[in-house]
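The values are calculated or read from the model by the stated rules, or taken from the named source; none is laboratory data. This one's a predicted model, so the numbers in the text were calculated from it and none came from an experiment. Note that we place each Cβ from the backbone using ideal geometry, even for glycine, and neighbour counts take in every protein chain shown. We work out accessible area using only protein heavy atoms, side chains counted, and drop any ligands, DNA or RNA first. Shrake-Rupley method; radii C 1.70, N 1.55, O 1.52, S 1.80 Å.
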Amino acid sequence: MTGPDRRHDMGTNPDDPLLSIEELRTHIRTQGETVRAVDGVSFDVASGETVCLVGESGSGKSVTCESLTGIVPRPPAEIVRGSISFDGLPLADLPESDLCQIRGDRIAHVFQNPQSALDPVYTVGDQVVEAIKLHRDVGSDVARERAIDHLRRVGIPRAEERVDDYPHKFSGGMRQRVAIAIALAPDPDLLIADEPTTAVDVTVQAQLIELLRDLTGSGLSILLVTHDLRVVASLADRVLVMYGGTIVERGPVEELFDNPAHPYTRALFESYDGIAREERSVRGEIPSDGCRFRRECPYSIEACAGDGQPEFYPIGGRQSHRASCVYYAPERDPTPIVEDGRGNSLAEIETETRGSDDD
Ligand code: ADP
Ligand code: MG
């Protein structure tokens, strides 16, 4: 049975988000030290929606994604709090055997390095077939035909021939396409893609973005992690900006790009260099309460410290665009932040992503 029918069977309201995460906290304990890798993260992903998680290296994007289906290594990680509801299923409370079934079948992961998804000793066709047969009750011939269709769908030229090739016969970009084909073979409802375009060169990156954009039109929900704002600009419906294990700003992509509000988002956008794709790295000790960015923030005031992170205040009168920054509280004046120039306007960020094939 495919996604929508199953959802109907679950008796859930089709208007309910497909994925809903509340107050997720995943802490990592190493040698007496606890890293609050994810520290109170809440967000939804609706059916057919593409949500992008952005933020510099170490901000907790991967641990968030890996917590959802329980693939984060436990220990050292521990999901200490939070609820994860996927199509009405409480993922954080399910036994590993149930989670294992949902992984792949209904929620698929794609990682930065396609090697992790590919076995060098089997042909790509065998691997797509296996992914299909593991989750769908079909015979070998049907599975092979479907495998070829899947390879075609992700843009593998001459798929009917290439199906019998081994992974080493494919270029890096093509390997990532095959990894995406394997992920999509069981027809999942949600694709979690963690930096899928980071390990490949710029041309291949553009092609993968194009492929992901095609997929977004197919009703698939996508949670996409990237630190590349070009990728965000060209694919996201909504954006979540993460810093220090917390979401600091969230909103529809146009609103957030037109009017980035949180000082961290503005710093991220300012430091963006479309060519180098350099990641900012989290530096020094990050506070474990209040605004996590306050030690780096040029506007930091006393109110930025405190128990939890600052409330999410609406930006520009829009309820859908919010920033967790005390300057946007109704009683305060955000002028100092707003008037400080952003060196790199996001309107200028290139969203041109088309390229030629790399096969
Ligand atoms: P991102 O994906 O945003 O770059 P991660 O989610 O990988 O960041 O990491 C969040 C934080 O958790 C970082 O401080 C990182 O060092 C820490 N972390 C992640 N995995 C481990 C691990 N296996 N052991 C120790 N610390 C980890
Ligand atoms: Mg990561």
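How much of the calculated P(r) for the chain lies past 39 Å, in percent of all Cα pairs? Result for the distance tail: 16 percent. Remark: spin-label model distance S97-R295 equals 4.6 nm, labels positioned 7 Å along the Cα→Cβ axis. Modelled spin-label separation between N113 and D165, with each label point placed 7 Å from Cα along the Cα-to-Cβ direction: 2.2 nm.
Quick one: accessible area per residue over the range 85-137, 1.4 Å probe, rounded to a whole number of Å²? Don't skip to the answer; put the middle values down first.
Working: 2660 Å² over 53 residues.
Ligands and nucleic acids excluded, the figure is 50 Å² per residue.
Looking at the chain, what % of its DSSP beta bridges pair antiparallel, to the nearest 5? Display every interim value, and only then the final one.
Numbers: 30 of 49 bridges.
DSSP beta bridges in the chain are roughly 60 percent antiparallel.
Rounded to the nearest Hz, the phi-derived 3J(HN,Hα) couplings of the range 294-305 under the Karplus curve 6.51 cos²θ - 1.76 cosθ + 1.60 (θ = phi - 60°) are 5, 6, 9, 7, x, 9, 3, 10, 4, 5, 6, 7, where x marks glycine and proline.
Would you give the gap between the C-alpha center of the range 46-70 and the C-alpha center of the range 107-183, rounded to a whole Å? Distance between centres, Cα-based: 24 Å. Here the Gaussian network model covers the chain, with springs between Cα atoms less than 10 Å apart; of P298, P196, P314, P298 fluctuates the most. Scoring 237-247, 141-151 by mean Cβ neighbours within 10 Å over their residues and listing the highest first yields 237-247, 141-151.
Counting only protein heavy atoms and a probe of 1.4 Å, the accessible surface of the range 12-110 is 48% carbon and sulfur. Where is the GNM fluctuation largest for the chain (alpha-carbon springs, 10 angstrom cutoff): V204, V80, V178? Maximum among the listed residues: V80.
Leaving out ligands, DNA and RNA, what percent of the accessible area of the range 148-279 is carbon and sulfur, probe 1.4 Å? Before the final figure, lay out the partial values.
On the way: 1890 of 4090 Å².
That fraction is 46 percent.
Under the criterion of Cα pairs below 8 Å and six or more residues apart, the relative contact order for the chain equals 19 percent.
Restricting to DSSP H runs of at least four residues, report the calculated mean residue ellipticity at 222 nm for the chain, -39500 (n - 2.57) per run over all residues, nearest 500 deg cm²/dmol.
Details: 12 runs with 109 residues, N = 359.
One gets -8500 deg cm²/dmol as the mean residue ellipticity at 222 nm.
Accessible area ranking (1.4 Å probe, heavy atoms, ligands and nucleic acids excluded), largest first, for K133, K61: K133, K61.
Under 19 Å from a label point set 7 Å out along the Cα-to-Cβ vector of D214, the amide N atoms of the range 169-184 belong to 170-184. In this structure the range 187-329 gives 37 Å² per residue of accessible area when probed at 1.4 Å with all protein chains present.
Using a simple spin-label model with pseudo-atoms 7 Å out from Cα toward Cβ, E311 and D201 lie 5.2 nm apart.
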